[in-house]
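S.K.: Okay, handing you the structure first.
The values are calculated or read from the model by the stated rules, or taken from the named source; none is laboratory data. Quick caveat, the model's predicted, so the values are computed rather than measured. Here the Cβ positions follow ideal geometry from the backbone for every residue, glycine too, while neighbour counts run over all protein chains shown. Remember, those area values only see protein heavy atoms, side chains included, never the ligands or the DNA or RNA. Shrake-Rupley method; radii C 1.70, N 1.55, O 1.52, S 1.80 Å.
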Amino acid sequence: MFDLIIRRARLSDEQVVDIALQDGKIAAIGEVKGQAHSERDLAGRCYLSAGWIDSHVHCYPKSPIYHDEADAIGVSHGVTSVVDAGSTGAQHIDDFYQLTRTAQTQVYALINIARTGIVTQNELADMTQIDEQAVAEAVARLPDFIVGLKARISSSVVGKNGVQPLVKAKAIQQAAGGLPLMVHIGNNPPDLAQIADLLTSGDIITHCFNGKPNRILTPQGELKAAVKQAIARGVRLDVGHGSASFSFEVARVAIAQGILPDTISSDIYCRNRLAGPVHNLAHVMSKFFSVGMTLPQVINCVTAHAADALRLTRKGRLEVGYDADLTIFTVKQQTRPFIDSEGEQVAGEQHLVPLAAVVAGQWIATEEGAANELGI
């Protein structure tokens, strides 16, 4: 007897399958025989994927700048796991961990290399903020919560320090066992080439499609050589949309050349959730239909690719034995405006509507799903 069977679920490749869940894990996929304590029939009308992972959010409620509640950006909109990208450093990471234990959304963290995290906009302008031992101790205390490191390397954050905080971040990374390092890029100095040259396999460039002068593309629209070389070394590209870090034009030109993001993330917090241009992860994902990506490509960016990037080893795939984290959604064909961080407006013709999140086998209706008429 299974805990839950979801019947006739439509996958992003248009297959229709049953999925059985037991003890918080995926127990069977395909044409599932047998019974369950509960069944849901999607009748082939709703899509199902592995649970969406938003690999760049800000949800430490006590942050004075970028704060939100995990469930408001997570399960309320179909996201089963969120990864906070550096809101907290060693000084507040334990408090952040405790505050998120009651959330339905699964919360992980990239620890900021600055001990205070983001309590000001220039946390790396003072090199004494970087405490390698404090980071190492935090990682040792919270190995299942801290999944990587975060360093914001742009002019407003590092001040006159250039790439020196990044050099320190790489040393901390090595001491912490090679955890993934996410690097925020923005205005220079330092120049993007200086940053990219220091990155190694598994590192993540976030805000990869920002429209600032220090972007990944040359003025001629070609991928900068240093970024091309970094990608060849195994450096990943993350969207990190946010309030100021996504350009339709940059994304359009890059994707047309085959430069796709490895992960699509929101960089969401309360202000850009409520006022836009982010709103939620589904809204950000939907924008990528307008710049040349397909449904399977978009879904991979928030499932398998996100799990691989942050080493969430039992998430991101619909396979027996993996965590029973799922997202149920539809694709609505309707013209609506999408706005990027530069103010460009695009008429999007299709958008994702998350109806439910399943976390460790527990079904949770989203804000959109609670009002839907599909009877799931």
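S.K.: Percent relative contact order of the chain, based on C-alpha pairs within less than 8 angstrom and at least six residues apart? Kindly include the intermediate steps, with their values, before the conclusion.
M.R.: Values: 928 pairs, mean separation 70.9, N = 376.
Taking the mean separation of contacting Cα pairs over the length of the chain, I get 19 percent.
S.K.: Quick check: pseudo-label points 7 Å beyond the Cα along Cα→Cβ at Q15 and A193, how many nm apart are they?
M.R.: Here the answer is 4.6 nm between the modelled labels.
S.K.: For T102, what accessible area in Å² do you get when you roll a 1.4 Å probe over the heavy atoms of the protein chains, rounding to the nearest 10?
M.R.: 120 Å²
S.K.: Hey, another quick one. Just to verify a number: what accessible area does R314 come out at with the full protein assembly present, 1.4 Å probe, Å² rounded to tens?
M.R.: Looks like 120 Å² after rounding.
S.K.: Ranking request for peptides 223-235, 247-259: highest mean number of other beta-carbon atoms within 10 Å first, then the rest in descending order.
M.R.: Details: 223-235: 16.3, 247-259: 17.8.
Peptide ranking by packing, descending: 247-259, 223-235.
S.K.: With point charges of +1 on the Cβ of Lys and Arg and -1 on the Cβ of Asp and Glu, referenced to the Cα centre of the chain, which listed residue (A70, A103, H241) lies farthest in the positive direction of the dipole?
M.R.: Ranked along the dipole, the leading option is H241.
S.K.: Of all accessible surface on the chain at a 1.4 Å probe, what whole percent is carbon and sulfur?
M.R.: Here carbon and sulfur together make up 48 percent of the probe-accessible area.
S.K.: Quick one: dipole size for the range 51-310, taken about the Cα centre, charges +1 on Lys/Arg Cβ and -1 on Asp/Glu Cβ, in debye to the nearest 20.
M.R.: Once rounded to the nearest 20, the dipole reads 520 debye.
S.K.: Jot down the per residue volume, in cubic angstrom and as a whole number, of the convex hull over the alpha-carbon atoms of the chain. Numbers along the way, then the final one.
M.R.: Working: hull volume 46.5 nm³, N = 376.
That works out to 124 Å³ per residue.
S.K.: Need one word for the range 236-376: rounded, prolate or oblate. Basis is the Cα gyration tensor (sqrt eigenvalues a ≥ b ≥ c); a/c below 1.5 gives rounded, then a/b vs b/c decides. If you can, show how the numbers build up before the last one.
M.R.: Details: a/c = 1.74, a/b = 1.25, b/c = 1.39.
In terms of gyration-tensor shape, oblate.
S.K.: Considering only Q194, S156, V358, whose Cα is most displaced toward the positive end of the charge dipole of the chain, charges sitting on Cβ of Lys, Arg (+1) and Asp, Glu (-1)?
M.R.: Q194
S.K.: Just how far, in whole angstrom, is the range 224-245 from the range 276-346 if you go by their alpha carbon centroids?
M.R.: 18 Å
S.K.: Right, another one. Quick one: if the Förster radius is 56 Å, what FRET efficiency do E249 and M1 give, using the C-beta to C-beta distance and rounding to 0.05? Mind showing how you got there, number by number?
M.R.: Values: r = 54 Å, r/R0 = 0.97.
Using R0 = 56 Å, I get an efficiency of 0.55.
S.K.: Here's something else I'd like to know. Provide the net charge surrounding C270, with neighbours chosen by a C-beta distance below 14 Å and charges set as Lys +1, Arg +1, Asp -1, Glu -1. Show your work: numbers first, answer last.
M.R.: Values: positive: K62, R271, R273; negative: D68, E69, D71, D84, D267.
Cβ neighbours under 14 Å give a net charge of -2.
S.K.: Which peptide among 343-350, 121-128, 327-334, 78-85 comes first, and what is the full order, when sorted by highest mean count of other Cβ atoms within 10 Å?
M.R.: Values: 343-350: 13.0, 121-128: 15.9, 327-334: 18.6, 78-85: 29.6.
Top of the packing list down: 78-85, 327-334, 121-128, 343-350.
S.K.: Something else: Could you rank S290, S266 by how accessible they are, 1.4 Å probe, largest area first? Each step should come with its number before you reach the end.
M.R.: Working: S290 40, S266 0 Å².
In descending accessible area the options line up as S290, S266.
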